[in-house]
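Below: one structure, written as structure tokens.
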Amino acid sequence: MRLHGTQLVNEQGHLEIGGCDTVELAKQFGTPLYIMDEAQIRTICRQYHSSFVEGLKNTEVIYASKAFSTLAMCRIIDEEGLGLDVVSGGELYTALQANFPVAHIYFHGNNKSREELAMAIKAGVGRIVVDNFYEMNIINELAQEMNLRVEVLLRVTPGIEAHTHEYIQTGQIDSKFGFTLPDGTADQAIDLALSYSNLVVKGIHAHIGSQIFELDSFRHEVQIMIDYMADTLKRTAYHLEELNLGGGFGIYYVSGDEPAQIADYAKAVQDALENACEKQNFPRPKIIIEPGRSIVGTAGTTLYTIGSIKEIPGIRKYVAVDGGMADNPRPALYQARYEAVLANRAKEEATETVSVTGKCCESGDMLIWDIDLPKAESGDLIAVSCTGAYNYSMSSNYNRLTRPGVVLVESGQADVIVKRETHADLLRNDVLPARLKYLHMASR
């Protein structure tokens, strides 16, 4: 397993993260356990700030909180000088409860409810990213009722198919997101938004996909969007001042993944921007980017305890852990691949090939197929790397499993930032109707 951030193997042969021995973390907090490396999160935030905010000027980096949203994470992002992208009332509520500066909150989503939009407008979020005509009308109505003018970006789908998994491509024409650019729908959206007296159209937004390694995809996006902004200026005489390029910058998960450096990403955007603006004689817009996975992905590790082991001679050896698709659904959803190490025996050489399975009553509950590890035994700890993004945030109570806790580690200190759920938590919202409380089957 490639080590990330502050990960190292200590003298005891144990995996250590943030100065904390993972064997001791398992004893103190139990497993499964999400471990977040604070130093790694802050390091990557600073790389983005340095490369984009300081390097490009008139640029804002906003963290896509859908990757991992907690009160503590919101505070870290604020302290590092980044903005925040939220996609639901729940994410917005979390940000507000963390006292995140509302002027730097961008509200996304393809089906925002009237209640969510009212919450965002009342809170005074910096931008609402309009995804469709339905919500555009609602925003204008709410703004009229509140006697406000709301600053918005319009999300367009530019028709770019980035090289990624089809489930997480969002910039192509056939997408649930945004106003389609090639067929003229985006023009209609611009015209309608400009006709609404309570909307202030600041610019446009596009997001071409996730886990993208090819910088040419981002260069192409910049070119298409600047061309469209220039065409809009000629067609309407209205100057769009902001260009939100979305996120999608890929990270390392397994051997073969080759993400570019953040500085190279910034340079690709800058060069493409200069060329496109010069070609169109268009003033340089403010640039916004929305990294999520690339900020927290490599900072997260999930720690499990091995339980049952099943070997089918000549076919496969299964090693089962005390978590699975309920705490990491990505392998089942996206065929995502991960690396892992026996955290309590991290110095030992691999001697066998096994497949790591979860405990859900589901044949598709597989975390890792065919990984080389030392001969595993029940009670060993297995650490799966790069689980910081879309693991906790996509976790569930399938099979009535409790969600793991989350600890933030830094300089030998481990702080709980999300409590481990209990069985009582599973019943917290259950309601038993009175008519069922005393009903007994006659045959019993």
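Normalise the Debye intensity by I(0) for the range 59-124, one equal point scatterer per Cα, no solvent, then take log10 at q = 0.18 Å⁻¹ and round to two decimals.
-0.56
May I ask you to derive the relative contact order of the chain, considering only C-alpha pairs under 8 Å and at least 6 residues apart, and to give it as an integer percent?
19 percent
Among Leu408, Leu84, which comes first, then next, by fewest other beta-carbon atoms within 10 Å?
Leu408, Leu84
Per the Kirkwood formula on distinct C-alpha pairs, the Rh of the chain is how many angstrom?
Its Kirkwood hydrodynamic radius stands at 23.5 Å.
Got a sec? How would Arg155, Arg42 order by Cβ neighbour count within 10 Å, fewest to most?
Listing Arg155, Arg42 from fewest to most nearby Cβ atoms yields Arg42, Arg155.
Which of His239, Pro182, Gln261 sits closest to the plus end of the dipole of the range 38-295, meaning its Cα is farthest towards the positive end, when Lys and Arg get +1 and Asp and Glu get -1 on the C-beta?
Comparing the listed Cα positions along the dipole, His239 ranks first.
So how compact is the range 49-93: Cα radius of gyration and Dmax in angstrom?
Values for the range 49-93 (Cα only, Rg and Dmax): 11.4, 33 Å.
With just the Cα atoms defining each centre, how far is the range 314-336 from the range 337-374? Give it in Å.
9 Å
Treating only the Cα positions of the range 38-295 as identical point scatterers, give the base-10 log of I(q)/I(0) from the Debye formula at each q in 0.11, 0.15 Å⁻¹.
Result of the Debye calculation: -0.56, -1.09.
Just to confirm the filter: which chymotrypsin sites (Phe, Trp or Tyr not before Pro) across the range 371-444 are DSSP coil and have at most 11 other Cβ within 10 angstrom of their Cβ? Walk me through the numbers before you get to the answer.
Working: sites: Tyr390, Tyr392, Tyr398, Tyr438; in loops: Tyr390, Tyr438.
Listed in order of number, the matching sites are Tyr438.
Among Ile306, Ile139, Ile76, whose mean-square fluctuation peaks in a Gaussian network model of the chain (Cα, cutoff 10 Å)?
Judging by the Gaussian network model, the answer is Ile76.
What order, most packed first, do the peptides 254-266, 176-188, 211-223 have when packing is the mean number of other Cβ atoms within 10 Å of each residue?
211-223, 176-188, 254-266
Would you mind ranking His104, His14 so that the residue whose beta carbon has the fewest other beta carbons within 10 Å leads the list?
Ranked by crowding around the Cβ, least crowded first: His104, His14.
For the chain, find the longest principal axis of its Cα atoms and tell me its angle to the long axis of helix 185-195, 0 to 90°, nearest 10.
On a 0 to 90 degree scale, this one is about 60.
Students often get this wrong, so check it: of Lys202/Lys234; Lys66/Lys267; Lys176/Lys267; Lys66/Lys176; Lys57/Lys202, which have C-alpha atoms separated by over 21 Å? Spell out each step's value before the answer.
Working: Lys202/Lys234 16 Å; Lys66/Lys267 26 Å; Lys176/Lys267 30 Å; Lys66/Lys176 18 Å; Lys57/Lys202 18 Å.
Check vs 21 Å cut-off fails for Lys66/Lys267; Lys176/Lys267.
Readers should treat all values here as calculations from the given coordinates under stated rules, not as data from a laboratory. Bear in mind the structure is a predicted one, so any value in this text is a computation, not a measurement. Positions of Cβ are backbone-derived with ideal geometry, glycine not excepted, and every protein chain shown enters the neighbour counts.
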